[in-house]
Amino acid sequence: MSKHVNRREFIRLAGLGAAGLTVANPILDWAKGEILTRDTLPGMYSKRTPTYCEVCFWKCAGWVHHNEKGEIWKITGNAEDPHCNGRFCPRGTGGVGMYYDEDRLKTPLIRTEERGKQVFREASWDEAFTYIAEKMEMIKEKWGPECMALFTHGSGGHYLGHMLQAYGSNNVAAPSYAQCRGPREVGFIGTFGEGVGSPERTDIRDSRCLVLIGSHIGENMHNGQVQEFSELVDKGGTVITVDPRFSTAASKSKYWLPIKPATDMALLLSWIHVLIYDELYDKKYVEKYAYGFDELKAHVKNFTPEWAYGITTIKPHVIRETAREMANASPAVIIHPGRHVTWYGDDTQRLRAVAILNALLGSWGRRGGFYNPVKPTVPKVKHPPYPKPKRDWREAFPDKYKLAGLALASGLCDATVPNVERDCAIKGWIVNGTNLIHTLPNQKNTLEAIQALELLVVIDTMPMEITGYADVILPECTYLERYDDLRVSAHREGSIALRVPAAEKKYNTRSAWEMARGLGIKLGLKDYFPFKTQAEELDWQLEQMGSSLAEMEKIGVKKFARPYDDLYPLEGLPDYEFWTNTGKIELYATQFAMEGYAPLPGYKAHEEPPYGFYRLIYGRAPMHTFSRTTNNPNLHDLMDENTVWVNPKVAKEWGLKNGQAIWLENQDGVISSSSIKVRVTERIRFDSVYMVHGFGHTNKKLTRSAGRGASDAELITRVHVDPEMGGTGMRGNFVTFRFEPAEEVIA
Ligand SMILES: Nc1nc2c(c(=O)[nH]1)N[C@H]1C(S)=C(S)[C@@H](COP(=O)(O)OP(=O)(O)OC[C@H]3O[C@@H](n4cnc5c(=O)[nH]c(N)nc54)[C@H](O)[C@@H]3O)O[C@H]1N2
Ligand SMILES: Nc1nc2c(c(=O)[nH]1)N[C@H]1C(S)=C(S)[C@@H](COP(=O)(O)OP(=O)(O)OC[C@H]3O[C@@H](n4cnc5c(=O)[nH]c(N)nc54)[C@H](O)[C@@H]3O)O[C@H]1N2
Ligand code: SF4
Ligand SMILES: [Mo]
């Protein structure tokens, strides 16, 4: 990176901002798991305000409790909320640390050049907005408004997206699509005509058999889902876990299938083979609802368990036995679609295989399988129509990713890298609530794109890596200091949840709503922002729904009864039309065929680790969310760095000891900038190593987390892109061990 002619040097924000307040951390009593109510804690607080959690995207609704002095004291779950049932996870409880973190961004900053050196200077909000608006006008004039893009993850994104659309661009992307669950949605839409959604529509609570394929519920702490999972375990439901690592979920499972990574497709195809050829599938359901059974049957003829054994290392009798377990529980069985599914580049096809298995088992639309969620409609604020963009990100990728339903964050990034074939290279980015340096694979590519930009605005709460490359940094207040968009939940029952400020804004920060409006006005788009305050806007919206801000402040969560009794629309096998071309469940995907993609999933071998290298796999830790929480004082106390899991056989070969600090080097010669401690454990296969994503910060302004542990993102330089929808497969990278750091430590 330092070899480039630098348009943007990475700046560490050194020496800026006042010293933080010293405030004691709130007590972390999550482990006890009790639900705190006014009755259990008489007189302990004087006030509570509603919120929903922003520590992860499960968005649990809760209460912020205040101490006698009116300060934020603790957060607990809202008992009425279907996402959390009154109980927050450790991260949600620790969310208070986001507010108290003294490393926070404190005031708008603008990049300037001083004595030949790039630095940030403090700026007023008005100055910052003027600067951004002028650049955006210039981009509009020179290249068209479509050359601005918004990357966003989190609740304020909606408002910024509105501002960008009013300006004239549709290029709005979240990393939760192409870096996360996009292939799952495309695979399921291609099969059932509907996606899985969030929260997942899996009826785990009522299931009798749950199959987890690299889905590590328990470490993946999506609250309500973990609660339903433990309910299923307590009731004696069968859990089958397919994971090269002995995960927490594996430890609760009847079967752990320690699959050779990157071979899941072979296992899925052989399960389909067994269900069909041993006649274990739900015949009535398939006859009534499915399209393309004969094609599927012929297609999987040779995918026997014996064939799959040679590929996956899972014994044929285990494949048969587990298929039988699923069939015995049918239709109350879930082959879980997972969530972060961008693994090997054939992910849409793998998720198609998962969808097909569910279809054969008759679980879609049935109790204990996949329920039919409902979602309340929130009225939209009235505004003039958006100008019609003349082009969007898709034009940069003619004939590619034809099944992508949403914009690709990685696509916007790629379309920014100068390329003669593209006439609309993206020229400006607004990045809100996403640390793209850690979030997008292939950091070199991301940095190349950044160097090509005319404008980079970063909206964040913390001095994360991405802020170091910004031209303008806009500090958002934390979720505890602002109103936000209503949380609209698609669930067994629809609900909305309200977030109100639990405290005055600290420092010179603002909410995304205020930023979108402020910037919009500077851009001459005042008519698009009819409300002066967000409270007024929310009150108006709530009134249309038969509620009010005042009512919601008291209850926090409002539920809406289902209009129809159709939670399990396929119970009793009524007539039913699916939203697919054929109106049926498409075992054979006609849309895929029409677009030139394989209509039936097939097996293709993936690259193996070179000699002396191990496949780099990664996942979640229960007490952290990506890179956003590793500096949070409360959560840092629970887990302050990550480790690399190494099989004892491998450790012996390399002479690695438990706790020893090493560096990792990948197949392209990239070396981790921080060291990472070894954890020698039987819980990982010999051909892979494992680490938790989100550690290894390089921005020294993150005083607790900088340099602690290694970052998987740094080592993911090779990306296997999903041809159907552009998902970025990240698990085709291999690492080896080093006993000393790189000679030149990159900033
Ligand atoms: N290598 C690797 N890459 C991955 C993954 C992985 O496991 N490994 N996981 C992928 C998945 S599944 C996902 S969903 C994505 C997640 O991607 P991101 O959402 O980008 O993840 P974070 O690293 O948590 O970055 C969040 C950023 O938002 C900021 N932030 C937190 N709260 C607020 C707020 O209230 N307002 C604003 N404006 N900013 C805020 C944080 O400080 C941080 O900079 O990453 C994907 N990328
Ligand atoms: N605590 C916490 N919980 C979270 C999050 C968080 O940041 N923190 N993030 C949330 C988000 S946005 C997402 S998308 C989800 C992600 O969570 P999930 O969708 O559950 O899991 P993945 O990240 O896809 O996969 C991680 C698991 O896959 C295994 N694995 C690796 N390679 C293979 C393979 O080739 N085959 C198989 N079968 N398994 C493999 C790993 O060992 C690990 O156990 O978690 C959510 N929950
Ligand atoms: S699962 Fe935990 S971190 Fe995520 S929203 Fe719920 S309480 Fe917050
Ligand atoms: Mo995700």
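The values are calculated or read from the model by the stated rules, or taken from the named source; none is laboratory data. Remember, predicted model here, so these are calculated numbers, not experimental data. When we count neighbours, we look across all protein chains shown, and the Cβ atoms used for this are built from the backbone with ideal geometry, even at glycine.
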(request) Give just the number: which of (1) charged (D, E, K, R); (2) part of a loop (DSSP other than H, G, I, E, B); (3) within 16 Å of ligand 4 (Cβ to nearest atom) does GLU194 not satisfy? (result) (3)
(request) Among the candidates LYS559, LYS554, LYS532, single out the residue that is out of contact with any Leu (no Cβ under 9 Å at 6 or more places or on another chain) and part of a helix (DSSP H, G or I). (result) LYS554
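Yes/no matrix, rows are residues, columns are (1) charged (D, E, K, R); (2) without any contact (Cβ under 8 Å) to a residue 24 or more places away in the chain; (3) surrounded by fewer than 24 Cβ atoms within 10 Å (Cβ to Cβ):
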site: HIS83; (1), (2), (3): no, no, no
site: GLY94; (1), (2), (3): no, no, no
site: TYR131; (1), (2), (3): no, no, yes
site: GLU137; (1), (2), (3): yes, no, yes
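Yes/no per residue for (1) surrounded by 19 or more Cβ atoms within 10 Å (Cβ to Cβ); (2) more than 16 Å from ligand 4 (Cβ to nearest atom); (3) at pLDDT 95 or above:
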{"site": "PRO599", "(1), (2), (3)": "yes, yes, yes"}
{"site": "GLY602", "(1), (2), (3)": "no, yes, yes"}
{"site": "PRO609", "(1), (2), (3)": "yes, yes, yes"}
{"site": "GLY612", "(1), (2), (3)": "no, yes, yes"}
{"site": "TYR618", "(1), (2), (3)": "yes, no, yes"}
{"site": "ARG628", "(1), (2), (3)": "yes, no, yes"}
{"site": "HIS636", "(1), (2), (3)": "yes, yes, yes"}
{"site": "VAL644", "(1), (2), (3)": "yes, yes, yes"}
{"site": "ASN647", "(1), (2), (3)": "yes, yes, yes"}
(request) Specify the residue that is surrounded by the most Cβ atoms within 10 Å (Cβ to Cβ); the eligible residues are those in the range 571-597 that are touching a strand residue (DSSP E or B) at 6+ places or on another chain (Cβ under 7 Å) and assigned to a loop (DSSP other than H, G, I, E, B). (result) LEU587
(request) Filter the range 638-678 down to residues that are in a strand (DSSP E or B) and in contact with a Gly (Cβ under 8 Å, 6 or more places away or on another chain), then give me how many there are. (result) 4
(message) Can you find a residue that is assigned to a loop (DSSP other than H, G, I, E, B) and over 29 Å from ARG704 (Cβ atoms) anywhere in the range 88-110?
(response) no
(message) If LEU150 meets every condition in (1) in a helix (DSSP H, G or I); (2) away from ligand 1 (no atom under 11 Å from the Cβ) apart from one, which number is that one?
(response) (1)
(request) Identify the single condition in (1) away from ligand 3 (no atom under 16 Å from the Cβ); (2) of a type outside the set (D, E, K, R); (3) assigned to a loop (DSSP other than H, G, I, E, B) that ALA166 does not satisfy, given that it satisfies every other one. (result) (3)
(message) Checking SER155 against (1) within 16 Å of ligand 4 (Cβ to nearest atom); (2) under 26 Å from GLN451 (Cα atoms): exactly one of these is not met. Which one?
(response) (2)
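Would you say PRO387 is surrounded by fewer than 24 Cβ atoms within 10 Å (Cβ to Cβ) and in contact with a Lys or Arg (Cβ under 6 Å, 6 or more places away or on another chain)? Can you show your working first?
Working: surrounded by fewer than 24 Cβ atoms within 10 Å (Cβ to Cβ): yes; in contact with a Lys or Arg (Cβ under 6 Å, 6 or more places away or on another chain): no.
No: the conditions fail for PRO387.
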(message) Can you find, within the range 541-570, the residue that is nearest to the chain's Cα centre (by Cα) among those that are surrounded by 13 or more Cβ atoms within 10 Å (Cβ to Cβ) and among the polar types (S, T, N, Q)?
(response) GLN541
(message) of a type in the set (Ser, Thr, Tyr) and in contact with a helix residue (DSSP H, G or I) (Cβ under 7 Å, 6 or more places away or on another chain): is that true of THR377 in this structure?
(response) no
(request) Scan the range 460-480 and give yes if some residue there is surrounded by fewer than 21 Cβ atoms within 10 Å (Cβ to Cβ), of a type in the set (D, E, K, R) and modelled with pLDDT of 95 or more, otherwise no. (result) no
(request) Working only within the range 548-586, note down all residues that are among the polar types (S, T, N, Q) and free of Cβ contacts under 8 Å to residues at least 24 places away in the same chain. (result) SER548, ASN581
(request) Take the residues in the range 316-351 that are of a type in the set (Lys, Arg) and away from ligand 2 (no atom under 16 Å from the Cβ), then tell me which one is farthest from PHE192 (Cα to Cα). (result) ARG320
